[in-house]
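Asks: First the structure, which I've put down as structure tokens, then a few questions once you've had a look.
Quick note: the coordinates plus some simple rules give every number you see, no bench work behind them. Values in this document were obtained by computation on a predicted structure and should not be read as measured data. Every residue, glycine among them, receives a Cβ derived from its backbone with ideal geometry; neighbour counts consider all protein chains shown.
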Amino acid sequence: MTVGVVGLGLIGGSIAKAIKYNTDNKVIGFDIDENVVLKARLLGAIDEEMTEQKISECDIIITGLYPEATKKYITDNARKFKKGAIVLDTCGVKEYVCEDMYRVARENGFTFIGTHPMAGLHLSGFEHSKVTMFSNASMLLVPSADTGINELEIVRKLFSAIGFTNIQNTTPEEHDRIIAFTSQLAHVVSNAYVKSPSAKLHKGFSAGSYKDLTRVAKLNEVMWTELFLENRENLIFEIDTIIENLTEYSKALKEHDAVTLKALLKEGRERKEKIDGMYKN
């Protein structure tokens, strides 16, 4: 197959490298930065540049773009895609992207499947992309109700070949609701946490807990602003929920209420143990 990768940043670049290294597929790539395309060719991440004329050669097209840019690229090029081609996005939100793209795909004779690789770094750009980025990672697939079994199987086999070991289907609604908690809230909390006036004094006083909680504070504010706003209702719910929970801890401390504080801590520990137990292999 010929696989086209549009946007050779951290995720797109890693996908291109992984497909080239792990499969026999031809990989062509496009990025608005011509220097990135040149570097990708020199490093063997792609076989050649994905020009406008080569779009119709692709059996699979994977976009590594932000949501708004993803919708624009697919809509603008819908008539150029090969009939029967499979087009995949890699965005961190799905309701905003998928419903419109399902419609565009039906109208133009190709299949659109939303995907979300659950892997990445707090860094961005092709220079940080890795062939091993997706080793043992999870991949979420968001097909439409009329997506064919054959198309899904092709996509599953491709993602398995590049390292994904837990590939599961979901809906746009379920995806966005859960991602608001597992990913987006974590970035908000981490980003807010380092705004404490004590943060600048952490050296010598911090270890694993500080490192774990602050890792994703160093984020790409342009990308995350777009993702947060496109999933704002789900994210607002999660932020409001954690604020309510934190307020309970604060109240117990202010009132020197050891009984309530101990109960809150015990509840959190037991909740964590139960969750971990649910997902043990």
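Asks: Distance cut-off 23 Å, Cα to Cα: go down the list Lys17/Lys157; Lys218/Lys262; Lys71/Lys195 and report the pairs above it. Before the final figure, lay out the partial values.
Replies: Working: Lys17/Lys157 16 Å; Lys218/Lys262 33 Å; Lys71/Lys195 34 Å.
Beyond 23 Å: Lys218/Lys262; Lys71/Lys195.
Asks: Next question. Please name which of Leu121, Ala18, Leu265 has its Cα lying farthest along the dipole of the chain towards the positive end, using unit charges on Cβ (Lys, Arg +1; Asp, Glu -1) and the Cα centre as origin.
Replies: Positive-end residue among those listed: Leu265.
Asks: On to the next question. Filter the trypsin sites (Lys or Arg not before Pro) in region 242-281 down to the DSSP loop ones having no more than 14 other Cβ atoms within 10 Å, then list what survives. Could the numbers behind the result be given before it?
Replies: Values: sites: Lys251, Lys254, Lys262, Lys266, Arg269, Arg271, Lys272, Lys274, Lys280; in loops: Lys280.
Sites meeting the loop and neighbour criteria: Lys280.
Asks: Using DSSP to define loop residues, name the trypsin sites (Lys or Arg not before Pro) in region 103-170 whose beta-carbon has at most 16 other beta-carbon atoms within 10 Å. Walk me through the numbers on the way to the answer.
Replies: Details: sites: Arg103, Arg106, Lys130, Arg156, Lys157; in loops: Lys130.
Within region 103-170, the qualifying trypsin sites (Lys or Arg not before Pro) (loop, at most 16 other Cβ atoms within 10 Å) are Lys130.
Asks: Could you quote the convex hull projected area for the chain, Cα atoms only and averaged over all directions, in nm²? Kindly include the intermediate steps, with their values, before the conclusion.
Replies: Values: hull surface 68.3 nm².
Seen from a random direction, the Cα hull of the chain projects 17.1 nm² on average.
Asks: Please report the spacing between the Cα centers of region 111-173 and region 187-257 in Å, no decimals.
Replies: After rounding, the separation between the Cα centres reads 28 Å.
Asks: Counting only chymotrypsin sites (Phe, Trp or Tyr not before Pro) that are in a DSSP loop and have at most 11 other C-beta atoms within 10 Å, tell me the longest site-free stretch of the chain.
Replies: Values: sites that count: Phe205, Tyr279.
My reading of the result: 1-204 is the longest stretch.
Asks: OK, next. Taking H placed 1.01 Å from N in the peptide plane, check which residues at least 5 places from Gly64 or on another chain put their amide H under 5 Å from its amide H.
Replies: Val6, Gly7
Asks: Let me ask something else about it. Would you mind checking the tilt of helix 149-161 against the longest principal axis of the Cα atoms of the chain, expressed as 0 to 90 degrees and rounded to 10?
Replies: The angle comes out at about 70 degrees.
Asks: Here's a follow-up. Starting from region 51-95, pick out the trypsin sites (Lys or Arg not before Pro) whose DSSP state is loop and whose Cβ has at most 13 other Cβ atoms within 10 Å.
Replies: Values: sites: Lys54, Lys71, Lys72, Arg79, Lys80, Lys82, Lys83, Lys94; in loops: Lys82, Lys83, Lys94.
Those that pass, being in a loop and sparsely packed, are Lys83.
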